[in-house]
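Enquirer: Sharing a structure, written as structure tokens. Questions coming.
Values in this text are rule-based calculations from the coordinates and carry no lab data. This structure is a prediction, so every number in the text was calculated from the model and none was measured. So basically every Cβ, Gly included, is an ideal-geometry build from the backbone, and we count neighbours across all protein chains shown.
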Amino acid sequence: MKPLHRIAVIAGDGIGQEVMPEGIRVMEAAASKFDIGLQFDRFDFASCAYYEQHGKMLPDDWKSRIGSHDAIYFGAVGWPEKVPDHISLWGSLLLFRREFDQYVNVRPAKLMPGVTAPVVRRDGSPRQPGEIDMVIVRENTEGEYSSIGGRMFPGTEREIVVQETVMSRIGVDRVLRYAFEVARSRPKKHLTSATKSNGIAITMPYWDERVAEMAKSYPDVTVDKFHIDILTAHFVQRPDFFDVVVGSNLFGDILSDLGPACTGTIGIAPSANLNPDRSHPSLFEPVHGSAPDIAGKGIANPIGQIWCGAMMLDHLGYREAHDAVMLAIEAVLRSGSAEVRTPDLGGKGTTREVGLAICQALQR
Ligand code: ATP
Ligand code: MG
């Protein structure tokens, strides 16, 4: 009997509600094509609508309701006009990240066919698909985003504010190991580490040290490191140089926004918050937010949602299904037809039309 994978579906707010049905549509088409057992269980919590009704983002038993699922398929959360971001975000996504120990954030940044990259070559000519193809791996649980610190002499001229960066050997090594494994699995086998050991004199040299140590176990992977300042410049000037890029929580945060930004619209970029140990579910979500400005119009690009669904299939062990979904996305983008492109890509198609077109391409 084929295994049944239970997916917790949280569409969330705004365009999350619009792109999620397209994500599920394509996942179901992939499941039927590759004979994969998928069961989608939908939850209405972790949304601002739920908050308005219940005064909280999550029910008390949220952990037992989604904690034993094989993955969480997430749309978007946030509606700043109604609920401040620190409540909606901290009360849902960031809580999942911590409680489910999703210590790796992965964002591919790949220039897709039919998409014009905002970054051009040095001679001014456009970047071609395949020229930019990188994966950004971010440490997701410690580093600069600790809450250790405080204020002394608040409100006085002697005011001092301190916030500590925390790096543990376990924390650094586990994200590095993940990044090295990804690098090893890719044709270029090239890993770049983001650092700033010339300015941040205690934690960053430690990060560099652990990278060098880990590299000994991966002689097949080419390793280099750049300080974060010049690294961001290289992302823009020669993105074709990079393959896998790993960074601490802060540097990874910066790069994982910059990378997808270099490859075109935010509407197609995917993201995964992974617990590679599989002791808890991993979470797959598009990079974009709830986009209140276009919500309800049916014109949100569903490709980010569909692409992270492909990453979910890969995580569940279905590489072939992942590849097929990616080919279907590429086929639709390559066709260049305005009917199957949403306005952010210069087309006049709807969310649904794009979802249906990708399904059709997948079934071919
Ligand atoms: P966050 O929730 O991370 O704070 P944000 O509010 O900064 O997100 P988004 O909600 O992602 O940003 O929206 C940023 C801009 O990108 C908006 O103008 C939005 O309309 C546009 N946008 C976001 N997602 C999509 C999409 N899937 N298709 C088309 N346009 C999108
Ligand atoms: Mg927002």
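Enquirer: For a quick protection proxy, order the peptides 187-194, 165-172, 305-312 by their average other-Cβ count within 10 Å, most packed first.
Expert: 305-312, 187-194, 165-172
Enquirer: Need one number: % antiparallel among DSSP beta bridges in the chain, to the nearest 5.
Expert: Roughly 45 percent of the DSSP beta bridges within the chain come out antiparallel.
Enquirer: Filter the chain for me: DSSP H helices, axial length by Cα at least 27 angstrom, mean Kyte-Doolittle hydropathy not below -1.0. List them by residue number.
Expert: Passing helices, by number: none.
Enquirer: May I ask you to derive the relative contact order of the chain, considering only C-alpha pairs under 8 Å and at least 6 residues apart, and to give it as an integer percent?
Expert: Normalised by residue count, the contact order of the chain is 23 percent.
Enquirer: Which order, highest average first, do 208-216, 254-262 follow once you tally other Cβ atoms within 10 Å for each residue and take the mean per peptide?
Expert: By packing density, highest mean first, the sequence is 254-262, 208-216.
Enquirer: Would you calculate, for the chain, the mean residue ellipticity at 222 nm contributed by helices, counting each DSSP H stretch of 4 or more residues as -39,500 (n - 2.57) and dividing by all residues, to the nearest 500?
Expert: Working: 12 runs with 141 residues, N = 364.
So the helix-based figure for the chain works out to -12000 deg cm²/dmol.
Enquirer: Gap in Å between the Cα centre of region 302-364 and the Cα centre of region 155-229?
Expert: Their Cα centres are 34 Å away from one another.
Enquirer: Could the peptides 120-131, 99-110 be put in order, highest first, of the mean number of other beta-carbon atoms found within 10 Å of their residues?
Expert: Result, highest mean first: 99-110, 120-131.
Enquirer: Filter Lys2/Lys63; Lys56/Lys110; Lys33/Lys188; Lys2/Lys189; Lys2/Lys297 down to the pairs with a C-alpha to C-alpha distance above 32 Å, please.
Expert: On the way: Lys2/Lys63 27 Å; Lys56/Lys110 37 Å; Lys33/Lys188 30 Å; Lys2/Lys189 34 Å; Lys2/Lys297 39 Å.
Distance filter (> 32 Å) returns Lys56/Lys110; Lys2/Lys189; Lys2/Lys297.
Enquirer: Using bins 20 angstrom wide from zero, how does P(r) for the chain break down, in % of all Cα pairs?
Expert: 28, 59, 13, 0
Enquirer: Set Lys and Arg Cβ to +1 and Asp and Glu Cβ to -1, take the dipole of the chain about its Cα centre, and tell me which of Leu231, Gln128, Thr195 lies farthest positive.
Expert: Highest projection toward the positive end goes to Gln128.
Enquirer: Then there is this: Counting only DSSP beta bridges with both residues in region 1-152, tell me the antiparallel percent, nearest 5.
Expert: Around 45 percent antiparallel, to the nearest 5.
Enquirer: Next up: Once you sort the root eigenvalues of the Cα gyration tensor of region 117-263 as a ≥ b ≥ c, which label holds: rounded (a/c under 1.5), prolate (a/b larger than b/c) or oblate (the other case)?
Expert: In terms of gyration-tensor shape, oblate.
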